[in-house]
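This report refers to the structure that appears directly beneath it.
The values are calculated or read from the model by the stated rules, or taken from the named source; none is laboratory data. Please read all numbers here as calculations on a predicted model, not as lab measurements. Neighbour counts are summed over all protein chains in view; Cβ atoms, including those assigned to glycine, are modelled from backbone coordinates with ideal geometry. Areas reflect the complete protein model, heavy atoms only, side chains present, ligands, DNA and RNA absent. Shrake-Rupley method; radii C 1.70, N 1.55, O 1.52, S 1.80 Å.
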Amino acid sequence: MIGCRCFHWTRVADFSPPQPEAFSLPAPIPPWPQGQGFATGRINLGEIEVVKITKFKFVWGYNLQDKEKSVSFYKPIGIPDGFASFGHYCQSNDQTLRGFMLVAREVVLPDPHNPSIWSQYQPPALRNPLDYTLVWSSYEGNEENLDGCGYFWLPQPPEGYKAMGFLVTDKPNKPELAEVICVRADLTDKCEKYHVILDTNLKFLELHFRIWDTRPSHRGMLGKGVSVGTFFCSSYWSSVDELHIACLKNLNPNLHAMPNLDQIHALIRHYGPVVFFHPDEVYLPSSISWFFENGALLYRSGQSVGEEIDAAGSNLPGGGTNDAAYWIDLPCDDRREIVKKGNLGSAVLYVHVKPALGGTFTDIAMWVFCPFNGPATLKVGIVNLALSKIGQHVGDWEHFTLRVSNFSGELWSIYFSQHSGGVWVDAFDLEFIEGNKAIVYSSKSGHASFPHPGCYIQGSAKLGVGVRNDAARSNSYVDSSTCYEIIAAEYLGDGVVREPYWLQYMKEWGPKVVYDSRTELDKIINLLPFMLRYSVENIFYKLPVELYGEEGPTGPKGKNNWLGDERS
């Protein structure tokens, strides 16, 4: 049971409700080519149909006098007739109003005389709650202050149903039962806490209160979980293993809201980012065919002579797993140094299109290939130390991912892959260069992706110790809206997108490299003041494993995000 506690928060009556500016992309969204269900505003999930709502009415707020630390709670408005809400929406006030909530209605069951994947004898898909439980309140015990405080309510679903979100009121009266709906349990999926929206961070255990946004636990290309836009809250210090709410599950096998091939091309032409490489970048990208045509070699374990690879990669071993039996290396003749530096004129973005969040979004993963990853540069305070070999390897695959709403075709966010992790950046925090085309900054030597220029430290930014990732605009760039190749879109069916031969190569794109990094790092540590050495040494031990040795990297299909969700 969620704890209920009462203490004083700022009363809404004391301040005017905030009116955050709603975000819109820099340019209008164009009409998309005709298709089945993409960008039609509604998505069928099986027994229910959902619509995305992006207009809200303010309900209550916390700490409204401090915009940087305040949050607001909203109810969806403009709900179409016949649809109902799952709960309320919450976001911090230091950003533009950029959120959504799904509303739903039950679809009419098919003719019982025709075959159907749904049983006509199932209970209703949607039902109103039986009651509400007050799970938390800011009421301070003074009867004169009942109104204007915040009251957090959890719907109590009928047996066999799940609540999908919380409601917030500014009065102690329970909400109307008809205000929200619960969903039959077999139509729901497990959800999890994601980002903390509010942490009161009070010193007293019994008064601690946190709010998170949520996401489906089962994500990725095969995940069926659908986010509904609600939040989760708890007044406990410790983590709550089982949430009291769920997300939806897409049981429609057709994924009818996903874009067709014409629509994919239109999305890429409209949203494809411009990828800028650092002005001092030496190791630029190339196309795969250029890499193969200019002398890349395939090696087999136990053999010292490499085999030439044809331009399409048709003689590469396909399928299986990475058993370290094969690897690719640079040419062993005088072309080696030339190939290391890539060929920007031939470079393209290799595109993998896949369902996200149960087919309510489309992920457009864009992969860039660089024949060589340069050595790292360490930052220790104000001192920058260019390492001789540490961090370098052959065959560098990096990517970023556009996430597009299948309700409207609107760009929602971009994932920037950064070595062993990455970050999702909402559209309102992107840098746009032309229309709705964002900028992706590729870091010097390592080619990690960033949304803005600057020096990003992988290590301890507080101490200024770690690996430098320098990102800046230059005359070296690739426009992914024109320079791209779609290499996979499995949901379209066999034969719609022909996957290249090289994509099936699941072995290593570079030889294994082992560095004597301990000696080089020890020399750096010994140059530091004695009081700093212990802290810096601990940071070095936490740096990415590629600083100490490189297994040959695998290609896009060998990465866990090919089927799974991005790491964030």
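Apolar share of the accessible surface for the stretch 346-409: 62 percent from carbon plus sulfur atoms, 1.4 Å probe. Pairs of Lys residues in the stretch 349-448, spaced 8 or more positions apart or belonging to different chains, with C-alpha separations under 27 angstrom: 4 in total. Couplings for the stretch 465-476, taken from phi via the Karplus curve 6.51 cos²θ - 1.76 cosθ + 1.60 with θ = phi - 60°, read 10, x, 7, 7, 10, 9, 10, 7, 7, 8, 7, 9 Hz in order; Gly and Pro are left as x.
Working note: Karplus 6.51/-1.76/1.60 with θ = phi - 60° gives the stretch 501-511 the couplings 4, 5, 5, 7, 6, 9, 8, 8, 8, x, x Hz, where Gly and Pro are set to x. Per residue, the accessible area of the stretch 346-437 comes to 24 Å², computed with a 1.4 Å probe over protein heavy atoms only.
Annotation: peptides 377-384, 302-309, 100-107, 364-371, ranked by per-residue average of other Cβ atoms within 10 Å with the highest first, follow the order 364-371, 100-107, 377-384, 302-309.
Extension gain, ASP199 to LYS171: 0.36 nm times the residue separation minus the Cα-Cα distance gives 7.8 nm.
Full extension of the chain segment joining ALA22 with LYS69 gains 15.0 nm, where the gain is 0.36 nm per residue of separation less the Cα-Cα distance.
Cut-off under 24 Å on the C-alpha distance; same-chain residues fewer than 8 positions from LYS171 excluded. Which lysines are left, in chain and number order? By straight Cα distance, LYS171 reaches LYS55, LYS57, LYS67, LYS69, LYS75.
Working ranking of peptides 175-188, 219-232 by packing, defined as the average number of other Cβ atoms within 10 Å per residue, highest first, is 219-232, 175-188.
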